[in-house]
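Below you'll find the structure, written out as structure tokens, and then a few comments.
The values are calculated or read from the model by the stated rules, or taken from the named source; none is laboratory data. Note that this is a predicted model, so its numbers are computed, not measured. FYI the Cβ positions are ideal-geometry reconstructions off the backbone, even for glycines, and counts take in every protein chain you see. Accessible surface is based on the protein model in full, side chains and every heavy atom, while ligands, DNA and RNA are left aside. Shrake-Rupley method; radii C 1.70, N 1.55, O 1.52, S 1.80 Å.
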Amino acid sequence: MGERLVMKICLTGYKGFIGSHLGMQLAKEGHEVIGFRWENPNHFPDPSLYDWVIHLGAITSTTERNVDKILKTNLEYSMKLLEMCDTMGTNFQYASSASVYGNTGNFKENGDVYPLNAYAWSKYMFDRFVQSIMGEFKVLVQGFRYFNVYGNNEESKGDQASPITKFANQAKTGKIKLFENSDKYLRDFVSVNDVCEVHGKMLTKDVSGIFNIGTGAPISFQKVADLVAKKYNAEIEIVPMPGKLQGQYQTYTSADLTELNKHIQHKFKTVEEFLNDQ
């Protein structure tokens, strides 16, 4: 075995759900990780100090209505940071989202997209910017379209927490609230630990591109609720879907992992395996 390459990494969004897990994972792998806290639109890290900038910082609420605020943070700031990294020779990883696909039924990185809300549009527009000049970058640029990420310590996400976490918290009080027709909503739920391991593996690959991170094995909300209810011996109560979610709710997601699998091998954990480990 060769000696592991230790890198100096700047991590934005390090206090968030995925960022906090990723910082710990990379440190465990031996890398030097420095968290960067974004304070205003003109506050940037100095990329010249690092081997990689991993940019996870963003407005992640899918129900945020202030489009200008989302575009300033998720698009314009990201473009400027990438430009700085490219100028200074610092490789760049960033978080995109499977929400860009909407209800197209397509889950290939170069296929049709149909973002359903301002957050998804901001992620797609940055992806589009990256793809349009991908061949011109002097550094590695790796974007990751996260599917439905879940795991321990999701509390910081509040209302954006995954159904796995929401159902588990509800189950501890005895009753899970499940939207009607939840057997018809299938999502690709991927554990945060898998997401972090993929980030780590891709740091060592001399490749640029946009890659899906999901399991490729969708499961219905109904099935998730059934698994959680069984684990915690809870009841399931069917409730109507809130109006604010209607029309912007993806009915089906399933990561196409063809591109990712060209570069790394990874065995993703199922929701059932995750629950069994808890």
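What the table below lists for this structure:
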| quantity | calculated |
| --- | --- |
| Choice from 239, 33, 149 showing the highest fluctuation, given a GNM over the chain with Cα pairs closer than 10 Å | 239 |
| Tail beyond 18 Å, pair distance distribution of the stretch 1-74 (Cα, percent) | 47 |
| Mean residue ellipticity (222 nm) of the chain, computed from DSSP H runs ≥ 4 via -39,500 (n - 2.57), nearest 500 | -9000 deg cm²/dmol |
| Hz values of 3J(HN,Hα) by residue in the stretch 211-216 - Karplus curve (6.51, -1.76, 1.60), Gly and Pro given as x | 10, 6, 10, x, 8, x |
| Dipole-positive endmost among 135, 52, 36 within the chain (Cβ charges, Cα centre) | 36 |
| Using distinct alpha-carbon pairs, which all enter the 1/r mean, Kirkwood radius of the stretch 193-240 in Å | 14.1 |
| Descending semi-axes in Å of the stretch 40-180, equivalent ellipsoid built from Cα gyration tensor | 31, 18, 14 |
| Probe 1.4 Å, protein heavy atoms only - accessible area per residue of the chain in square angstrom | 49 |
| Within the stretch 99-144, trypsin sites (Lys or Arg not before Pro) in DSSP loop having at most 16 other beta-carbon neighbours inside 10 Å | 108, 138 |
| Highest-MSF residue in the chain out of 84, 241, 125 [GNM, Cα springs under 10 Å] | 241 |
| Whole-percent carbon and sulfur share, accessible surface of the stretch 178-240, 1.4 Å | 45 |
| Kirkwood Rh, Cα atoms: Rg over Rh of the stretch 160-270 | 1.05 |
| For a label point 7 Å along the Cα-to-beta-carbon line of residue 72, residues of the stretch 11-30 with backbone N under 19 Å | 13 |
| Computed over the stretch 207-267, Kirkwood Rh from alpha-carbon pairs, angstrom | 14.9 |
| Carbon/sulfur fraction of accessible area - the stretch 40-133, other protein chains in place, 1.4 Å, % | 49 |
| Mean Cβ neighbour count within 10 Å, used as a protection proxy, ranking 162-175, 191-204 highest first | 191-204, 162-175 |
| Candidates 97, 156, 220: whichever shows maximal mean-square fluctuation once the chain is modelled as a Gaussian network with Cα springs under 10 Å | 156 |
| Per-pair calculated FRET efficiency, R0 = 41 Å: residue 5 and residue 64 via Cβ, rounded to 0.05 | 0.60 |
| Relative contact order computed over the stretch 133-278 (Cα-Cα under 8 Å; 6+ residues apart), in percent | 34 |
| Rounded, prolate or oblate (a/c below 1.5 giving rounded, otherwise prolate when a/b exceeds b/c) for the stretch 44-108 by Cα gyration tensor | oblate |
| Amide proton proximity set for residue 36, modelled H, under 5 Å, gap of 5+ | 11, 12, 13, 14 |
| Cut-off under 5 Å, modelled amide H: who pairs with residue 185 long-range | 221, 222 |
| For residue 145, residues with placed amide H under 5 Å, excluding near neighbours | 96, 211, 212, 213 |
| Identified option (computed Kirkwood radius over Cα pairs in Å; candidates (1) 19.4; (2) 20.2; (3) 22.0) | (1) |
| Rounded, prolate or oblate (a/c below 1.5 giving rounded, otherwise prolate when a/b exceeds b/c) for the stretch 86-167 by Cα gyration tensor | oblate |
| Residue-by-residue Karplus 3J(HN,Hα) for the stretch 99-110, coefficients 6.51, -1.76, 1.60, Hz, glycine and proline x | 5, 4, 6, x, 9, 6, x, 8, 9, 9, 4, 9 |
| Percent antiparallel among DSSP beta bridges (both partners in the chain, rounded to 5) | 5 |
